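My structure is below; once you've seen it, I'll send some questions.
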Amino acid sequence: MKKRKEGFTLIELLIVMAVIAALMGALVPVAINAINHANATRVAENLRAISTAAQQYIYTQKSTTVTISDLKPYLAGNSNYSSDYGVTASKVTANEYVIKAWYTKSSPSTKDVENVWSAVTKGSTGPTVDSTISIYW
């Protein structure tokens with residue numbers, strides 16, 4: 001009987017590589033989708049935080065001139081919102097204001113943010129925060 005050499009045959013190596021390629025082909029899109037969803041959730045949460053901070057700023061400072069840099073004391077954490085987000089406030093009536101916050105970058109896509117928006121804001125609509133608030137002082 002002929003003695004077999006040790007090691008793997010070419011066929012065995014090709015089969016293992018094919019199985020690994022199939023697994024990678026199935027897992028990579030799932031991982032990329034999870035990363036996109038996480039980024040969209042982060043943007044939606046930041047928009048919500050900016051809207052809340054703007055409400056607090058208007059209430060305490062009694063001013064409708066709002067910029068992201070004005071909101072730093074009202075925003076928790078070490079997040080740097082200044083280059084990626086914008087915010088404005090305008091007076092509607094004597095005690096009501098419309099606050100708009102937006103994201104200036106193109107990634108994640110607006111569609112991705114819209115998909116997670118309702119979960120993050122509990123029923124608000126759209127990826128841009130647009131809320132009317134009443135403030136009394």
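Counting just the residues of region 79-90 that are within 17 Å of A44 (Cα to Cα) and not β-branched (V, I, T), which one comes out modelled with the lowest pLDDT?
S79
Right, next: What number of residues in region 91-137 are polar (S, T, N, Q), surrounded by 11 or more Cβ atoms within 10 Å (Cβ to Cβ) and modelled with pLDDT of 70 or more?
Final tally of qualifying residues: 4.
Also: Quick check on region 57-71. Is at least one of its residues within 22 Å of T110 (Cβ to Cβ) and in a loop (DSSP other than H, G, I, E, B)?
Within region 57-71, one or more residues are within 22 Å of T110 (Cβ to Cβ) and in a loop (DSSP other than H, G, I, E, B).
Considering each of V28, V43, V87 in turn, give the residue that is within 23 Å of V116 (Cβ to Cβ) and without any contact (Cβ under 8 Å) to a residue 12 or more places away in the chain.
Matching residue, one of V28, V43, V87: V28.
Look through L23, L27, L47, L14 and report the one residue that is modelled with pLDDT under 85 and either in a helix (DSSP H, G or I) or exposed (fewer than 15 other Cβ atoms within 10 Å of the Cβ) (or both).
L47
Collect the residues in region 8-47 that are of a type in the set (S, T, N, Q) and in contact with a helix residue (DSSP H, G or I) (Cβ under 7 Å, 6 or more places away or on another chain), keeping them in residue-number order.
N36, T41
The values are calculated or read from the model by the stated rules, or taken from the named source; none is laboratory data. On a predicted model such as this, the values are computed, not experimentally measured, just so you know. Please note: Cβ atoms are built from the backbone with ideal geometry, for glycine as well, and neighbour counts cover all protein chains shown.
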